[in-house]
Amino acid sequence: MPQTITDIYLPRQAKVEQIEVENSQISTFVLAFCDHAYNDAFRYQPGQFMMVSMPHCGEAPISISSTPTRPGAIHLSVRRAGKLTAAMHGLRVGDTIGLRGPYGRPFPMEQLQKKDLLFVAGGIGLAPLRGVLDTCLDQRDQFGTLTVLYGSRTPSDIAFQTDLDMWREKGVDCRLTVDAAEPGWDAQVGLVTSLMDGLHPKLERSTALICGPPLMFRAVLGRLTAMGFRDEQVLTTMERHMKCGVGICRHCHMDGKLACVDGPVFSLAELRKLKIMEMED
Amino acid sequence: MPHASSMADSHLLKKDHLKGFLRKLAKEYRLVAPVRNRHGDVLFTVIDDLDAVEIELSEPPQNSLKQFFLPQQEQLSTYTITPEGYDFQPTKATIPPTVYFGVHPCDLSAVLYMDVVFSRQQRDPFYLRRRQGSVLIGINCNNPSPKCFCNATGSGPFIEMGSDLQLTDLGDRFLVETGRTSGHTLTERWQGFFSPSTDKDRAARYQAFLEARGRFSRQVHVEQAIRRLEADTVPDEVFAKLSLRCQDCGGCAYLCPTCTCFTISDQPLDAVNGQRLRSWDACTFAGFTVMAGGHNPVQAKTGAIRQRFTHKLRDDVRLTGRPSCVGCGRCVGICFGGTDIVRFVERTCQGSL
């Protein structure tokens, strides 16, 4: 007898409830499924992503930047990069988009409990880590110290300013740097690795979470290893082109692994076994 | 053990009775079988009128069954953009229950592999709906063609599992082995076409198997290539040299019975309507891994060629215990650059045998 099989490729309608402009290239879209019952029951974990549909633009994977501890809405922080994301930047509150997911292996939140967490991000790379950080803040007693090192191109490119202010208020050690200063900037100038000079993490209880462009990623890995972090103590989330998001189409292949189902979150120990661009010298 | 068939039950079908049996089947199922067309090409074809076609079992068809389960292009959904919003409507792919007749072991193995691909991580509704209504009638290969190497990939020339009925050509008759319950149903339902088989028939099948096994003209050391890929001892130069010769045509992937990579794209029908399509893709295409903004995390060409062969001969062996190359040789015939899997295996094994 033919069985009914869920149509895994069919997006669901979601409404833009709020738009937070982070900088000239990045906005955070607060979304809720139009089907209220579905929206109420919707669950995800930090590090997972959604496949986003925009009219006539197809789909793209976007990591969820909100925390599941605040249910009812999904945040997607999106940098203008191609046709679909450019179309997203034309969205207004009340518009609808298509969503399916959540997909992918999340950050191992249970393993992170009681740990001192070091978040290192560049540009839009803070988006997937934002969900982890807010989860930690909502379950503050379950995690150790929280440190954010965040690199941007210029002071006007600094995204997630509202979050950074709020995180500081809640006791997160947030340190910023820019590649190029502008008048009025009196803080750090240089690569995000330059923020690591003054850090003295308790190695035995630390985990680093990194997300950013490949060059930054490699530089940070080098520094973390030099500081004594073991490969198992370094987590990252990988970006790849995707079509299905569920492990079938293979566009996100990574030397035998698929970013969509084996990742997007990987430990450095796992990545070291793969022949991928990010791990090349 | 090929002679100790795991197929539980066997019958005889006289060749004179084949058309009558197929005619009965065609009344209840859509029938797909290899047919020689007016250009002389043998292709799996939907048969509307059995008397108007010539079913060709002696020569491997140029296409595989892939297109019937994963069409070259299919609609996944339609969408509308109205003042109320942007919304999707599901597409229900419906195909009639279909008998696929005359499927060679390589192509049967390929279907079994696709079953894994489309149900392992997530159940793919489009593939599975087509597959659920299918009956596979296989035929063992008595005469492997010069391009065939299924003996090296463990997917032929005879096969023990995967089909509902498995035929072996014994001259004036077929030995018919019933694999699954559905196979028994067929032989019982139309028992008038079948007669009991004897030990002599089964001995003849074994003889045919031995002869078929001796007829391969090509020796392809697939096992050796698998070991070298797993041990990571294939020199980068092998991939680099092969990639120089790849013309990015995708012919290998399109003809391959196990290449199932696809892309999904939107096709606007007008300003407010469109359809979402799934189409065959190829991991060797330059744009396969390019991300928004143009960055490509896979080294163009060399990395893509590495992916093609590593996926088939290492990753799928890890996953299923066997390579997803089924040795049909189609890519060898289509590739004008000499970048096919046989060339890869030969270069990989050079100097190591």
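Overview of values
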item	result
Selection status of A:L235, more than 9 Å from every other protein chain (Cβ to nearest Cβ), in a loop (DSSP other than H, G, I, E, B), among the hydrophobic types (A, V, I, L, M, F, W, C) and under 30 Å from B:V317 (Cβ atoms)	no
Test: residue in the range B:155-162 that is aromatic (F, W, Y), more than 14 Å from chain A (Cβ to nearest Cβ), assigned to a loop (DSSP other than H, G, I, E, B) and over 22 Å from B:A204 (Cβ atoms)	no
All positions within the range A:57-83 that are under 18 Å from A:T236 (Cα atoms) and among the small types (G, A, S)	A:S63, A:S65, A:S66, A:S77
Yes/no for A:G245 being modelled with pLDDT under 95 and either of a type outside the set (D, E) or in a loop (DSSP other than H, G, I, E, B) (or both)	no
Conditions (1) in contact with a helix residue (DSSP H, G or I) (Cβ under 6 Å, 6 or more places away or on another chain); (2) closer than 15 Å to B:I137 by Cβ; (3) crowded, with 20+ Cβ neighbours inside 10 Å: number failed by B:G102	(1)
Residue tally, condition in a helix (DSSP H, G or I) and farther than 15 Å from A:R272 by Cβ, over the range A:188-219	12
Pair list, Cβ under 8 Å, 6 or more apart: the range B:150-163 residue in the same structural domain as B:T320 (by TED's automatic domain parsing), other residue of a type in the set (K, R)	none
Every residue from the range B:279-289 that is more than 19 Å from the chain's Cα centre (by Cα) and closer than 17 Å to A:A60 by Cβ	B:G287, B:F288, B:T289
Every residue from the range A:16-30 that is assigned to a loop (DSSP other than H, G, I, E, B) and within 14 Å of chain B (Cβ to nearest Cβ)	A:Q25
Positions within the range B:72-128 being of a type in the set (S, T, Y), over 30 Å from B:V42 (Cα atoms), in a loop (DSSP other than H, G, I, E, B) and more than 18 Å from the chain's Cα centre (by Cα), in sequence order	B:T91
Any hit, the range A:58-66, residues being more than 15 Å from the chain's Cα centre (by Cα) and not in a loop (DSSP other than H, G, I, E, B)	yes
The listed residue being more than 13 Å from every other protein chain (Cβ to nearest Cβ), under 27 Å from A:T193 (Cβ atoms), hydrophobic (A, V, I, L, M, F, W, C) and surrounded by fewer than 23 Cβ atoms within 10 Å (Cβ to Cβ), out of A:L112, A:L133	A:L112
Selection count where residues are within 13 Å of A:A121 (Cα to Cα) and under 17 Å from the mean Cα position of the chain (by Cα), scope the range A:193-214	7
Residue tally, condition touching a Lys or Arg at 6+ places or on another chain (Cβ under 7 Å) and surrounded by fewer than 24 Cβ atoms within 10 Å (Cβ to Cβ), over the range B:154-169	2
Residue count, the range B:132-141 (criterion: surrounded by fewer than 21 Cβ atoms within 10 Å (Cβ to Cβ) and either modelled with pLDDT of 95 or more or under 15 Å from the mean Cα position of the chain (by Cα) (or both))	1
Criterion violated by A:V234 - all others in (1) surrounded by fewer than 23 Cβ atoms within 10 Å (Cβ to Cβ); (2) more than 15 Å from A:M277 (Cα to Cα); (3) of a type in the set (A, V, I, L, M) satisfied	(1)
Leading residue by the ranking (surrounded by the fewest Cβ atoms within 10 Å (Cβ to Cβ)) among those in the range A:1-55 that are in contact with a Gly (Cβ under 8 Å, 6 or more places away or on another chain) and farther than 26 Å from A:R105 by Cβ	A:P2
Hey, B:A8 under 17 Å from B:G183 (Cβ atoms), aliphatic (A, V, I, L, M) and modelled with pLDDT under 95 or not	yes
The range B:83-129 - residue that is at the interface with chain A (Cβ under 10 Å from one of its Cβ atoms) and among the acidic types (D, E) and, of those, nearest to B:H311 (Cα to Cα)	B:D124
A:Q13, sole failed condition from (1) of a type outside the set (D, E, K, R); (2) part of a loop (DSSP other than H, G, I, E, B); (3) facing chain B (nearest Cβ under 8 Å); (4) over 27 Å from B:G293 (Cβ atoms)	(2)
Members of the range B:93-122 found to be modelled with pLDDT under 95 and among the charged types (D, E, K, R), listed by number	B:R120
Single residue of A:L195, A:L224, A:L203 found to be within 25 Å of A:T154 (Cβ to Cβ) and assigned by TED's automatic domain parsing to the domain that holds A:K114	A:L195
Among residues of the range B:170-193, those that are touching a Lys or Arg at 6+ places or on another chain (Cβ under 9 Å) and within 17 Å of B:I139 (Cα to Cα), counted	7
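Matching residues to (1) more than 8 Å from chain B (Cβ to nearest Cβ); (2) surrounded by fewer than 20 Cβ atoms within 10 Å (Cβ to Cβ):
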{"residue": "A:K202", "(1), (2)": "yes, yes"}
{"residue": "A:R205", "(1), (2)": "yes, yes"}
{"residue": "A:M227", "(1), (2)": "yes, yes"}
{"residue": "A:V246", "(1), (2)": "no, no"}
{"residue": "A:V261", "(1), (2)": "no, yes"}
{"residue": "A:L274", "(1), (2)": "yes, yes"}
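The values are calculated or read from the model by the stated rules, or taken from the named source; none is laboratory data. In this text the structure is predicted, and so the values were computed from the model without any measurement. Here Cβ is always computed from backbone atoms with ideal geometry, including for glycine, and neighbour counts include all displayed protein chains.
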